[in-house]
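The values are calculated or read from the model by the stated rules, or taken from the named source; none is laboratory data. Values in this document were obtained by computation on a predicted structure and should not be read as measured data. All Cβ positions, glycine included, derive from the backbone under ideal geometry; neighbour counts span all protein chains shown.
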Amino acid sequence: MRRRHFLTVSAASLGGLLIESLDGTLSRLAAQGQTVRIRLRFFTESEALIISAAAALIFPSDDSGSGAHEAGVTLYIDRQLAGPYGHDRHRYTRPPFDDNAPAEFGYQGQPTPREIYREGLAKLRGFHRLNREHQEAILHQIEATRFFHLLRHNTIEGLFCDPLHAGNANLVGWQLLGFPGPRMSNADDIEKHYGEPFRPKPASLQEVTGTKTPPHATEDKDGEAQS
Amino acid sequence: MKTLPHADVVIVGAGWTGLLMAKELAAKTSLNIVVLERGSAHSPTEYATGMDELAYAIRFRMMQDLSQDTVTIRHYPKDRAYPMRQYGAFLPGTGVGGAGEHWSGVFPRFLPDVFELHSRTVDKYGQSRLPEGHSIQDWGVTYDELEPYYTRAENLLGISGKAGNLRGTKIPGGNIFEGWRSAEYPTPPTKVPYFSELFRQAAAQLGYHPYPVPAATLSQLYTNPDGITRPACTYCGFCETFGCMIGAKSQPTNTLLPILTKHKSFSLRTNAQVRRILHDSSQNKSKIRGVTYTDFSGQEFFQPADLVFLASWTLNNTRLLLLSKLGEPYDPTTGRGTVGRNLTHQVMLNAATAFFDQPLNRFMGSGASGFMFNDLDGDVFDHSNIPFLRGGAFLGRSARSLPIGEADTLPKSVTATWGSEWKKAVLHYYDRAGKITFIGDHLAYKANYMDLDPTYKDHWGDPLLRLTIDWCDNERHMSAFAAQKAVELARAMGAKEINPSAALTRYDASRYQSSHIQGGAIQGASPETSVVNPYLQHWQAPNLFVLGASSFPQNAAANPTPTILAQTLRAADAVAQRYLKSPSLLA
């Protein structure tokens, strides 16, 4: 049994996020001015702080709006790595592998996303305590690594996925883009608004369909991390 | 291995072809029909709550589980092949409905000369114009023979569109280059997204003949000849890689299954991984005894049958023939053998990505709503001064603007890949980018083929299928031409920046292109050069039919499903009307 790790975040930044409490029930965090401790399922606390710092550089909170931090990207990645994705459950993982395969054949290595993150994070010890310039320089150094490639892509996923996956908190990602999320019908609008922005208020799958937890929301729960 | 009670008919695969054959035979005969599907059933609520990009479009929830079974790919016969460890160039579906559940629903017929490609090309240009190393051949069936079946398929699915050639009369606004049609489309064209309207105007301005994309996403409520009623599309934008939440997109589960489940003679077994076709063979004659499969728990079964249909998609059809040692495997060095030859993968490109000043509201659309034109397709245009044969269609659709997948669709002037500058570009361009699609012919070549991999195995211990495929000069020149024409279109549409697609070089197994992968069990007029006859009946084993695009001798510049369905209907008629009366080779 690994030691329990928690990420302490401000509840405000998690606004409408559905999170799991310790007894496994889903609850909605909306309290202002509080901090909450969320149990991590893959990362250690210091790993989570490193990921938060790196994701905040990849997609910053800046004058163009909220970023990876407000979207809860770190929690999203933590949940993904604890589930089938992190374990490569749906990838073909029989040998022989080849780390030097030509790029047009896709990733041919053995390490799973969990292993790639662990190894990548081991080289970033103390990253979250460095100043911004130093952090940026380090990210530039690792830009070509598989770890950075995954981190960058997972950050995009955590920003723009449906919030049922624990990212895109408060729909900040969709609000930034002007993407309304799933909509039952655009039939009356599709031939209007030619050349002008049509921006319906974003709504999550749960809000649109009225379903509490779509069946696949539970899919990622099977891989509780023990590392 | 447990031997099950005998079945009259066994169909391997519950996608478009398998369930369509089952429906036809259930309606026309009293045979008992068993359909074996390797995947699971989809629940009706799954699609209603499935508008989830991460689960369906990024993690590929509806696709074959690659941890169990995949293919290996290499460029040349002497290269080492690599397994497709994660999804790339194409997306094989699984489960009831197969890839027909998560398709876009683009439904064009092939041009008439596609079916006689070898003879028409030689007649017009001479043998010398055929590319080096080609293995192009005629289909053994003509457009005129297939026309009634195309019409039946369109009526079955309720295709929305506008005819351009009704019994030889050309109709402006439709596709004036299409083959003759005996009937107008059953439903009118779909609504038009803004980007598609820009495409239509630009295409017309440049002298092309744009017409509404024929769409299996219904423009209005429709009841098909079987009495199946489906609603009009709501343009939610979740088509490709998704099942339709309301059934407006025609899918095997909403168009065929409701009819099939009324027949007591029909049964469907899911999680049944078919492993071998069993046969008694001597000389060049085989009689199929049935198939073996492994169920979810690992138990093995023998399902005896009088008549077997392989309907398990291009790649698995070919693999089952190879694993079952049915027919002679193709050998590219000697040219002998037929099983596995003429592997093709359609030339599908985002020929140009156009970036605009104004937003496009691209979240509204369907996989098939938009405009396309065929002025640069097939032999419609003059090829005397261009360095390639054939061509393709250009499409301006508004599909797939989902944010995870499109976040990195940025003009080449944006060089940052992370940080504030990149973020600003992502936010700015997300709804200002549109893609002009090119879908082109892939000719068949002697060196592009399939066999069994000597190294890699699947979950059940069987060798994976190995694809040997690379582009040749015809496709490379065609792709460069397509990018140039698409840039002209994007400019005429008012794009401020344009990313043309790079010309094809090597076959890129990591880049999604289309799932229009074809060949391996091709049809033809002679058993020397084909696996099945023009009725899709195995030359050696008359009680076996191999359905689907595995039969296409080469890849035409249009989505394959209409032709797949038309050929399945034609085969079903031949089986019901002739084969069952006298089970032998159809002529």
Members of segment B:444-462 that are in contact with a Ser or Thr (Cβ under 7 Å, 6 or more places away or on another chain) and within 14 Å of chain A (Cβ to nearest Cβ)
B:D453, B:Y456, B:W460
Filtered residue count, segment B:366-409, keeping only those that are without any contact (Cβ under 8 Å) to a residue 40 or more places away in the chain and within 30 Å of B:W422 (Cβ to Cβ):
3
If I ask for residues that are free of Cβ contacts under 8 Å to residues at least 12 places away in the same chain and among the aliphatic types (A, V, I, L, M), which ones from segment B:125-176 would you list?
B:I171
Name, by its number, the condition in (1) closer than 20 Å to B:T417 by Cβ; (2) touching a Cys at 6+ places or on another chain (Cβ under 7 Å) that does not hold for A:I156.
(2)
Checked against (1) touching a His at 6+ places or on another chain (Cβ under 6 Å); (2) not in a loop (DSSP other than H, G, I, E, B), B:N361 satisfies every condition except (2)
Filter pass, B:T241 being within 14 Å of chain A (Cβ to nearest Cβ), hydroxyl-bearing (S, T, Y), part of a loop (DSSP other than H, G, I, E, B) and at positive phi
yes
Of the numbered conditions (1) closer than 29 Å to B:H538 by Cα; (2) without any contact (Cβ under 8 Å) to a residue 60 or more places away in the chain, B:N254 fails exactly one; give the number of that condition.
(1)
What strands (runs of 3 or more DSSP E) lie completely within segment B:400-497 and have 3 or more residues being surrounded by fewer than 17 Cβ atoms within 10 Å (Cβ to Cβ)?
B:449-457
Considering segment A:101-134 alone, what residues qualify as being exposed (fewer than 14 other Cβ atoms within 10 Å of the Cβ), part of a loop (DSSP other than H, G, I, E, B) and not polar (S, T, N, Q)?
A:K123, A:R125, A:G126
How many residues does segment B:514-544 hold that are more than 18 Å from B:I136 (Cα to Cα), in contact (Cβ under 8 Å) with a residue 60 or more places away in the chain and assigned to a strand (DSSP E or B)?
2
Just checking, does segment B:277-290 include any residue being of a type in the set (S, T, N, Q) and closer than 17 Å to B:G18 by Cβ?
no
If we ask which residues in segment A:56-95 are within 7 Å of chain B (Cβ to nearest Cβ) and of a type in the set (D, E), their number turns out to be 1
Return yes when A:D98 is on the phi > 0 side of the Ramachandran plot, part of a loop (DSSP other than H, G, I, E, B) and either among the aromatic types (F, W, Y) or within 12 Å of chain B (Cβ to nearest Cβ) (or both) and no when it is not.
no
Evaluate segment A:180-195: report whether one residue or more is aromatic (F, W, Y), under 14 Å from the mean Cα position of the chain (by Cα) and at pLDDT 95 or above.
no
Does A:L177 fit the bill of being modelled with pLDDT under 95, crowded, with 17+ Cβ neighbours inside 10 Å and farther than 30 Å from B:Y82 by Cα?
no
Return the residues of segment B:142-159 that are under 17 Å from the mean Cα position of the chain (by Cα) and part of a loop (DSSP other than H, G, I, E, B); say none if nothing qualifies.
B:I159
Residue among B:R74, B:R109 that is over 30 Å from A:T209 (Cβ atoms) and either more than 14 Å from chain A (Cβ to nearest Cβ) or without any contact (Cβ under 8 Å) to a residue 60 or more places away in the chain (or both):
B:R109
Hey, B:R511 of a type in the set (K, R), out of contact with any helix residue (DSSP H, G or I) (no Cβ under 7 Å at 6 or more places or on another chain), in contact (Cβ under 8 Å) with a residue 24 or more places away in the chain and within 14 Å of another protein chain (Cβ to nearest Cβ) or not
yes
Just to check your reading of the model, which residue among A:E143, A:E104 is acidic (D, E), at the interface with chain B (Cβ under 10 Å from one of its Cβ atoms) and over 27 Å from B:D65 (Cα atoms)?
A:E143
